[in-house]
Amino acid sequence: MTLKIKTKVFSGFLKKARMSGTQAISETILKFEKDGLKIEANSEPQQARTSAWLKKDAFKEYEELGNVGLSDFENVTRVLDRFGEWITINKEGNLMTVKGDKKSVDIELTSEDFLSSDTGNPELEWDETFSIDATKLKDILKDVQMNKDAILTITTAEKNVSFSNTGKYKFRNEVEAPACKGETKVKFGQPFIDAVSVLDGNLEFSVKSDYPVKVMEKTDTSVVTFVIAPHVSEE
């Protein structure tokens, strides 16, 4: 069984699914299913969750490999970046072999029994949904990070969403949101920044007051969804 895909497409998808910083996933199971590669995992602090799908169409050649357990997710993405434009992937026993033009690497896999079990997608419902370009969101996050340990507040109004933050430099950014009715307010800390900062393209936010946020990035070849816990004030 062999897969063939552009290195940047495969590595880029894995990096998004892994998240970053405090929420980076260290171990996971790559599920090569009939319709593509799927990853579902919670961050170790249990503050963010990934649900990601790399569609079968993203691959030049695709076969259903089954489950691949990785206990060193970060370094696997670094290993992939050592290859050229295209890679092929094979799985045999407890090894996954990645081959490039004149280079190959054997990656030792981990039994699923030794990996953190996935608790499944939580059943959640939201009140408001809006879209924002990832470039705009990253600019907002740079404003927030002008402060140390700032808290970001997302507030909806009629056809509008504002992003404001605590700290010495209190920024306020507004984004048009035609579908929003208003009266939703939710706060987030560093876990939110660490999760969403890896995304690009157009993002869909689903929010509810004092409730986890859902952030979804859709492209022609992938769907990456994060659910991130809100910041709870210590009283």
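The values are calculated or read from the model by the stated rules, or taken from the named source; none is laboratory data. Computed from a predicted structure; not experimentally measured. So basically every Cβ, Gly included, is an ideal-geometry build from the backbone, and we count neighbours across all protein chains shown.
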Subject >> the stretch 88-114, residues that are within 27 Å of Gly21 (Cβ to Cβ) and in a strand (DSSP E or B) >> reply: Met96, Val98, Val105, Ile107, Glu108
Original post:
How many of the residues in the stretch 138-158 are of a type in the set (Gly, Ala, Ser) and in contact with a helix residue (DSSP H, G or I) (Cβ under 7 Å, 6 or more places away or on another chain)?
Top reply: 1
Original post:
Which one of the conditions (1) in contact with a strand residue (DSSP E or B) (Cβ under 9 Å, 6 or more places away or on another chain); (2) modelled with pLDDT of 95 or more; (3) surrounded by 14 or more Cβ atoms within 10 Å (Cβ to Cβ) does Asp133 fail to meet, given that it meets all the rest?
Top reply: (3)
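Scan Val207, Val198, Val215, Val232 and give me the residue that is closer than 23 Å to Gln47 by Cα, modelled with pLDDT under 95 and crowded, with 19+ Cβ neighbours inside 10 Å. Before the answer, list the steps.
Numbers: Val207 fails: modelled with pLDDT under 95; Val215 fails: modelled with pLDDT under 95; Val232 fails: crowded, with 19+ Cβ neighbours inside 10 Å.
Checking each option against the conditions leaves just Val198.
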Subject >> Matching residues in the stretch 53-82 - criterion: being in a loop (DSSP other than H, G, I, E, B), surrounded by fewer than 20 Cβ atoms within 10 Å (Cβ to Cβ) and either among the hydrophobic types (A, V, I, L, M, F, W, C) or touching a residue at least 60 places away in the same chain (Cβ under 8 Å) (or both) >> reply: Glu63, Glu64, Leu65, Asp81
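Could you please give the count of residues in the stretch 27-52 that are on the phi < 0 side of the Ramachandran plot and surrounded by fewer than 16 Cβ atoms within 10 Å (Cβ to Cβ)? Show your work before the answer.
First pass over the stretch 27-52, keeping only residues on the phi < 0 side of the Ramachandran plot: 27-35, 37-45, 47-52.
Add one more test, that the residue is surrounded by fewer than 16 Cβ atoms within 10 Å (Cβ to Cβ), and what stays is 33-35, 44-45.
Qualifying residue count, the stretch 27-52: 5.
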